[in-house]
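Heads up, the thing below is written out as structure tokens.
The values are calculated or read from the model by the stated rules, or taken from the named source; none is laboratory data. Quick caveat: nothing in here was measured; it's all calculated off a predicted structure. Positions of Cβ are generated from backbone atoms using ideal geometry, with glycine treated the same way; all protein chains shown enter the neighbour counts. These accessible areas exclude ligands, DNA and RNA; they are computed on the full protein's heavy atoms, side chains included. Shrake-Rupley method; radii C 1.70, N 1.55, O 1.52, S 1.80 Å.
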Amino acid sequence: MKLWRWLALAALPIIMLGMLFFTVIASDDEEDPPNSALITDAMSLSAAVLKHRLTVEKYCREFGITDQVMVILAIMQVESGGQGGDVMQASESLGLPVNTLGTDASIKQGVKYFASLVKSMKAADVDLNTAIQSYNFGGGFIDYVAKHGKKYTFELASDFAKAKAGGKQVKYTNPVSDTGWRYAYGNMYYVKVISQYLVTDGAKFDDKTVQVIMTEALKYQGTAYVFGGSTPATGFDCSGLTSWSYAKAGITLPRTAQAQYDATAHLNIKDAKPGDLVFFHSTYNTADYVTHVGIYVGNMKMYNAGDPLGYADLNSKYWQAHLIGAGRVKR
């Protein structure tokens, strides 16, 4: 008998035991919906970038921009994908040759530099997108925007780059560009590229309570689904994520999706508001009817513990097949 057949037969008992173990465990909580059913409002940060999150958070605390962690991670994604030493491409901001800095020094300098841009942004009374574009263009762009309406626009970025490049154009192939070129100074599309990795629809919500819930939930965007997980230390499954996040707003939810459904006032999904829960049935075989829960964020989208944690479109075929409706937490 060929070697691969012997190996297959030897592995069969282990595989069957693993399947039995998962079947027993699965009856206690929600299953992870298929990846094909998930879409996100923002492109996912890579695992290589997310592994640097704790370092980014450390330096954001040090330089007083704790509210900009996701922006820094998005910049890292665009600059390097989290790969190599100078992950923030920050060497040049110190007047050093490209890729001089190591990983920790790069993150520290990148955060420090962006913090300085945020400070200049506030002093000039311009918006955050101006500071983001300035990470690519340099601080002179902040002064330029301050003199031209105090609010970032792509047209201002394009005009600034055109003037700096003397009108010279170079090839640029990226889905954010419909022309196939950019001016030969920095990247006038930088804000558009960065914004692909930032949540926009879910950035602000109707009231303080919902904002607290989503601010907490969004901390874990892009992390892996963990069966039975209910804390940041363990990771999250669907009802673990909702119970943890709502607790940050002073709202106590039961632990399982079925129990959360039983504790809410039920309504049609068309009447749901940001902060409501959204429930699903029969996503796996169990005695409970309700097997999955997410946080409704508006526009037929939810934030939930898929794999990875993130946004999903409730109009998708998968979710429509299992949708029960929304539930409003009784406060």
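At-a-glance table
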item: Sole exception among (1) at pLDDT below 95; (2) surrounded by 14 or more Cβ atoms within 10 Å (Cβ to Cβ); (3) acidic (Asp, Glu) for ASP262, by number; result: (2)
item: Subset tally (residues that are over 27 Å from the mean Cα position of the chain (by Cα) and assigned to a helix (DSSP H, G or I)) for segment 95-135; result: 2
item: Output for segment 167-192, where each listed residue is part of a loop (DSSP other than H, G, I, E, B), surrounded by 13 or more Cβ atoms within 10 Å (Cβ to Cβ) and touching a strand residue (DSSP E or B) at 6+ places or on another chain (Cβ under 7 Å); result: TYR172, ALA184, MET188, TYR189
item: Residues (exposed (fewer than 14 other Cβ atoms within 10 Å of the Cβ) and either of a type in the set (Val, Ile, Thr) or in a loop (DSSP other than H, G, I, E, B) (or both)) located in segment 136-148; result: LYS147
item: Every residue from segment 284-297 that is buried (at least 16 other Cβ atoms within 10 Å of the Cβ), of a type in the set (S, T, N, Q) and more than 15 Å from LEU241 (Cβ to Cβ); result: THR286
item: Check on SER93, modelled with pLDDT of 95 or more, buried (at least 16 other Cβ atoms within 10 Å of the Cβ) and within 19 Å of SER134 (Cβ to Cβ); result: no
item: Residue within segment 317-329 that is buried (at least 19 other Cβ atoms within 10 Å of the Cβ), at pLDDT below 95 and under 19 Å from the mean Cα position of the chain (by Cα) present; result: no
item: Cβ-Cβ under 6 Å pairs, at least 6 apart or on other chains, segment 303-331 side under 22 Å from TRP244 (Cβ atoms) and among the hydroxyl-bearing types (Ser, Thr, Tyr), far side in a strand (DSSP E or B) and open to solvent by 10 Å² or more (accessible area, probe 1.4 Å); result: TYR303/VAL297; TYR311/LYS301
item: Out of ALA233, ALA249, ALA272, sole residue that is farther than 23 Å from PRO308 by Cα and open to solvent by 20 Å² or more (accessible area, probe 1.4 Å); result: ALA249
item: Candidates PRO254, PRO308 - the one that is surrounded by fewer than 21 Cβ atoms within 10 Å (Cβ to Cβ), modelled with pLDDT of 95 or more and in a loop (DSSP other than H, G, I, E, B); result: PRO254
item: Answer from LYS164, LYS151 - the residue that is open to solvent by 50 Å² or more (accessible area, probe 1.4 Å) and part of a helix (DSSP H, G or I); result: LYS164
item: Selection count where residues are farther than 18 Å from ASP104 by Cβ and outside any helix (DSSP H, G or I), scope segment 52-87; result: 1
item: Residue in segment 114-122 that is at pLDDT below 95 and closer than 28 Å to ALA47 by Cβ present; result: no
item: Those residues of segment 226-271 which are among the hydrophobic types (A, V, I, L, M, F, W, C) and over 19 Å from THR291 (Cα atoms), in sequence order; result: ALA233, ALA247, ALA249, ILE251
